Structures are given as structure tokens and as C-alpha cells.
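I have placed the structure first, in the form of C-alpha cells, so that the comments after it can refer back to it.
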Amino acid sequence: MKYRELPGTGLQVSEVGFGMWTVSTGWWGNYSDAEAVRLMREAFDGGITLFDAADTYGNGRSEDLLRQAFQGDRDKIVIATKVGYDFRQHGNERRGQREIPQDFRPQAVRDATDAALSRLGTDVVDVLQLHNIRMDQVEDDNLWEVLEDLRSCGKIRCYGVALGPAIGWLAEGVLAIRRRKPAVLQHIYNMLEQYPGAVLQQEAERANVQTRFFVRVPHSSGMLEGKYTENTVFAANDHRSHRPRSWLLNGIKKVNQLRFLEHSGRTLGQAALLWLLADSRVISTLPNIYNSEQIMEFSAASDAAPLTSTELERIRNLVQANFGLEPEPPRFKGTMELETVPHVSQ
């Protein structure tokens, strides 16, 4: 495992992190506390030190699991968590993976941070992220003053934003980078889903800021692990079961055109991570980890054969040609609200 420094913090972050969403929400299968802690400890033993939680994941469960897994080892890991969803009032109102109401009032953010610290069993959060913010939050000076105050008083080491819950949000991300210069911006980005992630990372380059990126869904919900077939069936409680069959079939066709990235020195799943890590602004990737085999594969990605310039160019050409497939039109509901089934859960 290799590590990258988060500017201005002294934090060394593993290039591959562990997203707590998978083991704490029940949307990638159900895990007992003991099973989740075992996976987290295996990841730690494999060199993974970044653990990305959120207070709303399992209504506080992801943070509680971190406390269980790393009591006595707090100084050996980097804890990132998120605040913003009012799960205390609305946590029992979830229907599938739909969003619940948010609360970004300054006092609510202070209270949520204190509650997270208590569940985590620590006195400081390394990276506090505003969870799936909208433009109102980007523009709210009072909210950002609270984050600065939390940093100044030592409750957090740095702060950032997590964008979503769907593929976006482009405008929010661009303005946050330009005006707020967060230490971290978390977003969805992978070889199959490059918009608007590529634009956001280019914006950080243009703005000449120190913002670094946590990239979630780096395998396009498992597609880029290269193990799906036309006969793959997802469990009813798995969020992927809600996707149209065309997502599976078109994804397999695209992945088959990326098989040239596999060889004795790396797997396709490792190549997907290395493609992201080729950008130095990506400080860590957050694959969905749900078994021991993935931990062994993904934690070894740092040391796998890097992608060559020829391979990177071939990927660019495939993306520009949309892998030879007709692009799928966006799906809209009757109110013309863009349907967000694919990624609303994170």
C-alpha cells in the first residue's frame, strides 16, 4: 500500500480506503457487527488506513463500528465522516435508498459533530464532510464559519464536501472549489462514469487550490471488477437490483473492451483504481468492499503495474467513442425530476 499526504494536515492517507456504506447500511447485503469489524480489521492489516463513514449510514452504525474495530488503534487510522442528514428525526422514514431531509443549520452541524465524536469514541475527526450539499449550503457563509470554528477548537483536523447523491453535482462542486477551497471533495468517478468528475478535478487544477479528492464508486457499482455476466442476479436487498437490465448488459460490453488492462501484473479491478490514482489530486479511492478477496485485491492495487501512456490513451479513445454503444438517455419521472436510483444511497 502506498500513501499520499493531505496538504496542510500532516495526514498520510492510504491510496485505497474503506467505505463504511457497504457494511453498515444493509444495501450491499447484511453484515453483523462481528462480520463488519472482521472485514475492517482485515483491511487495516492490508495497509488500508482511511475509513470513510457518515453519521446517517445505519443511523450512526458506521461510526459505532469504527469505534468497535479500532479502540486502541485510533492514532493508526484516518477517520472521515459526514454530517448533514437529519436521521435523528427522520431515520425511520427511509424508503429503500431515497434521501431523507437534511439539516445544515450551524447548530445542527455542531451537534452532529459532537454526536459523531461520541459514537466514534475519539476527540477529533480527521476529515469532516458536508454530506451531499446543495447550492444553498455552498453559499451559506455561516455554515463555513462553523467548520472553521470546529477546526480551530480541535474537534476536526480539516473539512470537505461530499457530492451526490446521484452522479452530480457539477455547479455545487465547482463553486465549492472556487469559493470554499475545501481540503477534500468526495465524488463519484470511474472509467465508465467520467462526468462530471473529470470536470471537477480539472477545475481544482485551474483554480490552483489544494483540494484533494476522495473517489467513491471507483468500480461503477462493481462493474469494473469484471466479474458480472449476463446471468448475474442481485439480491432483492442489493441496491443494484433496482437498476434496469440495460445497465448490466451495456456495462458488460464496455468492460469487455477494457480487458486489455488485465494481465499477470494486475487485475481489472486494480486497473480501475490505478486509472484514478494516475491523477495526483486523487488522494484515495473508496471501493465497495464486502469480502476478504476484494481486500486482498484492492489493497494490492498500489503496488500493481501502473497504467502505461498507451493504455491511458486507449481508454480515452474508448470513452470518446462511448465504447461503440449508443448512450442511454436520462430517465425522468413524471415531475421531470431526474431519477436517482443508481447512486442515491451514498
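The numbers here are math on the coordinates, done by the rules we state, and not lab data. As the structure is a computational prediction, the values presented were derived from the model and not from experiment. Note that each Cβ is placed from the backbone with ideal geometry, even for glycine, and that neighbours are counted across all protein chains shown.
Data overview
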| quantity | calculated |
| --- | --- |
| Shape category assigned to the stretch 1-109 from the gyration tensor of Cα positions, a/c cut at 1.5 | oblate |
| Cα principal axis extents for the stretch 3-324, largest first, Å | 51, 45, 36 |
| Amide H within-cut-off set for ARG212, under 5 Å, with H built and near neighbours excluded | VAL184, LEU185 |
| Residue with peak Gaussian network fluctuation, the chain [Cα springs, cutoff 10 Å], from HIS239, HIS131, HIS187 | HIS239 |
| Proximal lysine pairs, the stretch 3-324, alpha carbons under 28 Å, eight or more residues apart or interchain | 7 |
| Residue among PRO101, TYR3, ASN190 farthest towards the positive dipole end of the chain, charges placed on Cβ | ASN190 |
| Which of VAL83, LEU224, GLY164, positive extreme of dipole for the stretch 3-324 (C-beta unit charges) | LEU224 |
| Extended-chain gain in nm, criterion 0.36 nm per residue less alpha-carbon gap, LEU170 and THR310 | 47.5 nm |
| Anisotropy class of the stretch 108-241 from Cα gyration tensor, a/c 1.5 cut | oblate |
| Inter-part distance where the stretch 35-80 and the stretch 146-185 are each reduced to a Cα centre, Å | 22 |
| About the Cα centre, charge dipole magnitude for the chain (Lys/Arg +1, Asp/Glu -1 at Cβ), debye | 420 |
| GNM result for the chain, Cα springs below 10 Å: residue of GLU35, GLU230, GLU99 fluctuating most strongly | GLU230 |
| In Å, descending, principal axis extents of the Cα set of the stretch 219-333 | 41, 35, 27 |
| Amide hydrogen neighbours beyond the local backbone of ASP126, cut-off 5 Å, H modeled | ILE79, ARG157 |
| GNM top mover of SER241, SER24, SER221 - the chain, alpha-carbon springs below 10 Å | SER241 |
| Efficiency of FRET between THR229 and VAL124 - r from beta-carbon atoms, R0 45 angstrom, step 0.05 | 0.50 |
| Computed helical MRE - 222 nm, the chain, DSSP H runs ≥ 4 contributing -39500 (n - 2.57), nearest 500 | -10000 deg cm²/dmol |
| Cut-off under 5 Å, modelled amide H: who pairs with TYR189 long-range | ARG216 |
